[in-house]
Amino acid sequence: MLYRPIVLDKEVKFSKKKFIVSKTDIKGRIIFVNKNFCDVSGYTAAELIGVEQSALSHPDMPRAIFYMIWKSLYSGEEISVVTKNLAKSGRYYWLITDILIERDSNGELKRFSSFNRIAPEHVSRVIEELYREMKLVEKRDGLEDSLQFLETFLEQRGVSYNEFLEDLVKPKGVLNILIHNFKKVLS
């Protein structure tokens, strides 16, 4: 069990070159973390191993997002999501998380690997507003209504959550778009 710190309204800043990696069993208990995970979260690997990944979630995170994550993973679909985590210091950090599925030789779910990078400010700003609304709906009307709110939000834009996230993460500004497109041509 992790010590739950007092929540502070201060962000943990770290390099966009730092990738945070973790692995969990199929129930979400942490079985591996890299050094960057420890550096950013403030916890040691020993403190994290065996703990449910959700223990690091910031209280601002809607339960509906975790429902969506687990529904996707248990359906065999890998997923990308934006999460707000709580560091041991009580500070928060926003991550773009890509969760991959690992299977055993029989094709059964074995574990999940999460590859995380810092969410750019424009991403966390948009997601924070969406999650705030979802959290309000969830508190007032429950999980199902929060999921319905998200579904309606996405339907109005004609996108899935993954498409919404992909568009949100895309480089913004003319110069960034040109650089992004140039890199795609080279690869």
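Any chance the range 60-69 includes a residue that's charged (D, E, K, R), modelled with pLDDT of 95 or more and either more than 15 Å from the chain's Cα centre (by Cα) or assigned to a strand (DSSP E or B) (or both)?
no
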>> It is to be established whether one or more residues within the range 8-20 are surrounded by 17 or more Cβ atoms within 10 Å (Cβ to Cβ), farther than 23 Å from Arg132 by Cβ and touching a residue at least 60 places away in the same chain (Cβ under 8 Å).
In response: yes
> With respect to Lys84, is the statement that it is under 17 Å from Phe19 (Cα atoms) and buried (at least 18 other Cβ atoms within 10 Å of the Cβ) true?
Replying inline: yes
>> I need the full set of residues from the range 98-114 which are surrounded by fewer than 20 Cβ atoms within 10 Å (Cβ to Cβ), in contact with a helix residue (DSSP H, G or I) (Cβ under 9 Å, 6 or more places away or on another chain) and closer than 19 Å to Phe19 by Cα, in order please.
In response: Ile101
>> If I go through the range 94-118 residue by residue, how many of them are within 11 Å of the chain's Cα centre (by Cα), within 27 Å of Glu144 (Cα to Cα) and of a type outside the set (Asp, Glu)?
In response: 6
> Taking Glu47, is it surrounded by fewer than 18 Cβ atoms within 10 Å (Cβ to Cβ), under 14 Å from the mean Cα position of the chain (by Cα) and of a type in the set (D, E, K, R)?
Replying inline: no
>> Can you find a residue that is of a type outside the set (S, T, N, Q), within 23 Å of Val126 (Cα to Cα), crowded, with 18+ Cβ neighbours inside 10 Å and within 17 Å of the chain's Cα centre (by Cα) anywhere in the range 23-35?
In response: no
> Is there a residue being touching a Pro at 6+ places or on another chain (Cβ under 8 Å) and among the small types (Gly, Ala, Ser) anywhere in the range 71-87?
Replying inline: yes
>> If I ask for residues that are among the aliphatic types (A, V, I, L, M), over 30 Å from Ile49 (Cβ atoms) and out of contact with any Pro (no Cβ under 9 Å at 6 or more places or on another chain), which ones from the range 148-167 would you list?
In response: Leu154, Val159
> Can you pull out the helices (runs of 4 or more DSSP H) entirely within the range 121-187 that have at least 2 residues that are of a type in the set (S, T, N, Q), out of contact with any Phe, Trp or Tyr (no Cβ under 8 Å at 6 or more places or on another chain) and at pLDDT below 95?
Replying inline: 174-186
> Can Ser89 be described as modelled with pLDDT of 95 or more, among the polar types (S, T, N, Q) and assigned to a loop (DSSP other than H, G, I, E, B)?
Replying inline: yes
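The values are calculated or read from the model by the stated rules, or taken from the named source; none is laboratory data. Everything numeric in this text was worked out from a predicted model, so none of it was measured. Every residue, glycine as well, gets a Cβ built from its backbone with ideal geometry; the counts of neighbours run over all protein chains shown.
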